[in-house]
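Comments concern the structure below.
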Amino acid sequence: MVWVNPLTGEKAFQVHGNCARKLYLRSSQDEEPRIIEDVTEIVKFLLDIQNRVLEPEYVLLAPAEEGDLVIWDNYGVFHSAIDYPISMGPRSMHQANISGSIGPRGPVPIPLKA
């Protein structure tokens, strides 16, 4: 859930409960991880974290008008689509990616066994 920029060392927290199938939880690198595989428990754990982040003071609804270009750091920002009024007609969204030569990495490798 923490990605590290391989060039700057900057850490970015990213959590998506609908993507996780297994959690390895530990407080330190030396601690034996506790593995959670129950989907209900995983979703609850991750929702508890997301709800701390999704407070009004941390949410930005970027002011955008037709023709504007909105860009964000996919690894550094928790982002989500919001409802799009049907009265505005079909929504058009185009995705562009700037690939890096080195992908993000985690701060600690995930163990193969617990």
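Given the convex hull over the Cα atoms of the range 1-62, what projected area results after averaging over all orientations, in nm²? Write down the numbers at each step before the final one.
On the way: hull surface 24.4 nm².
Averaged projected hull area, Cα only: 6.1 nm².
How about the range 9-42: which trypsin sites (Lys or Arg not before Pro) there are in a DSSP loop, with at most 15 other Cβ atoms within 10 Å of their Cβ? Could you put the intermediate results ahead of the total?
Details: sites: Lys11, Arg21, Lys22, Arg26, Arg34; in loops: Arg21, Lys22, Arg26.
Taking the range 9-42 and a limit of 15 other Cβ atoms within 10 Å, the loop trypsin sites (Lys or Arg not before Pro) found are Arg21, Lys22, Arg26.
Quick one: if you take sqrt(5λ) for each eigenvalue of the C-alpha gyration tensor of the range 30-78, what semi-axes come out, biggest first, whole angstrom?
Details: eigenvalues 220, 37, 24 Å².
Here the semi-axes work out to 33, 14, 11 Å.
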- If the chain between Glu31 and Asp68 were fully stretched, how many nm would it gain, using 0.36 nm times the residue separation less the Cα-Cα distance? 8.5 nm
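Coordinate-derived values only; no laboratory data. Quick caveat, the model's predicted, so the values are computed rather than measured. Counting neighbours? That spans all protein chains shown, and the Cβs are built from the backbone with ideal geometry, glycine included.
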